[in-house]
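Shown next, in structure tokens, is the structure this report addresses.
The values are calculated or read from the model by the stated rules, or taken from the named source; none is laboratory data. A quick note: this is a predicted structure, and the numbers were derived from the prediction, not measured. These area figures cover heavy atoms from the full protein model, side chains too; ligands, DNA and RNA do not enter into them. Shrake-Rupley method; radii C 1.70, N 1.55, O 1.52, S 1.80 Å.
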Amino acid sequence: MLFSAKIDLAKRMIEPHTKHNVVRLSALKEYFNDQVEVERMINSLGDLVVYEYFENSFGDEEENVNFGLTVLYPGKVGREYFLTRGHFHEKRAAEIYIGLEGEGVILMQSEDGKVEWRPLEPNTVVYVPPGWGHRTINTGNQRLTFFFAYPSDAGHDYEIVRRKGFAKLVVEENGRPVLIDNPKYRT
Ligand code: F6R
Ligand code: ZN
């Protein structure tokens, strides 16, 4: 039985954890707007790690809460900041994110296409309501680290994001993050 865990920001991890996923540029090709630029970056810089996450997951037992730590590294593909794939929970479960270091945003989208974005930075708690898809974006020049917790039976639907994307993109304009329409978004 698990009663506590330790976040180590210097080592960028949470101990103990049952799962550690590392996500590289090549796995994100379809999630960035400019796929040609992703390919070019892989060829010139290598298959960079964009983010990694450590999780304590309890299978799909509905009484439990999965939790962990995500570390999203700084970078851009063209003007688009490094991002997580993003997903909807299969069971319309809510989720809590708590910013620990770095500067970023969380982009949320309802099932009927409404979009909200909020800062994700130290001492900020973000509540992702049930039914809202979510993706995090690192808009700073250091790593973005955050804690997350969600019901263990929530499930993850990545396919809908891979096929349709989010309605908005977060890109750099004059050194600042702005939200623009995603030209490739399909409703
Ligand atoms: C879990 C959750 C986060 C993300 C993690 C990686 O429901 O929202 O733990 O899983 O930040 O992002 P994805 O899952 O979109 O690759
Ligand atoms: Zn989630």
### Task
Report the normalised scattering of the stretch 139-187 as log10 I(q)/I(0) at q = 0.22, 0.27 Å⁻¹, calculated by the Debye formula with identical scatterers on the alpha carbons.
-0.99, -0.98
#### Entry: Counting all C-alpha pairs of the chain, share separated by more than 31 Å (%)
12
### Karplus-derived 3J(HN,Hα), 6.51/-1.76/1.60, for each residue of the stretch 122-129, Hz, glycine and proline x
x, 6, 10, 9, 10, 9, 8, x
### Query
Using the heavy atoms of the protein chains alone and a 1.4 angstrom probe, what is the accessible area of the chain per residue in square angstrom?
52
### Query
Over all pairs of distinct alpha carbons, what does the Kirkwood formula give as the hydrodynamic radius of the stretch 94-187, in Å?
14.0
### Message
Please report the accessible area of VAL161 (heavy atoms, 1.4 Å probe, ligands and nucleic acids excluded) in Å², nearest 10.
### Response
10
### Task
For the stretch 1-86, just the Cα atoms, rotate onto the principal axes and tell me the three extents in Å, largest first.
47, 30, 18
### Message
Tell me the carbon and sulfur percent of the accessible area for the chain, rounded to whole percent, probe radius 1.4 Å.
### Response
49
### Stokes-Einstein translational diffusion, the stretch 93-149 - Kirkwood Rh over all Cα pairs, 1.306 mPa s, 10 °C, in µm²/s
140
### Message
Tell me the accessible surface of LYS91 in square angstrom (1.4 angstrom probe, heavy atoms of protein chains only), to the nearest ten.
### Response
120
### Message
Exceeding 29 Å between C-alpha atoms, which entries from my cross-link table qualify? They are LYS19/LYS91; LYS91/LYS114; LYS91/LYS168; LYS11/LYS114; LYS76/LYS164.
### Response
LYS11/LYS114
### Query
Any idea what angle helix 35-45 forms with the longest principal axis of the chain, computed on alpha-carbon atoms, 0 to 90 degrees, nearest 10?
80
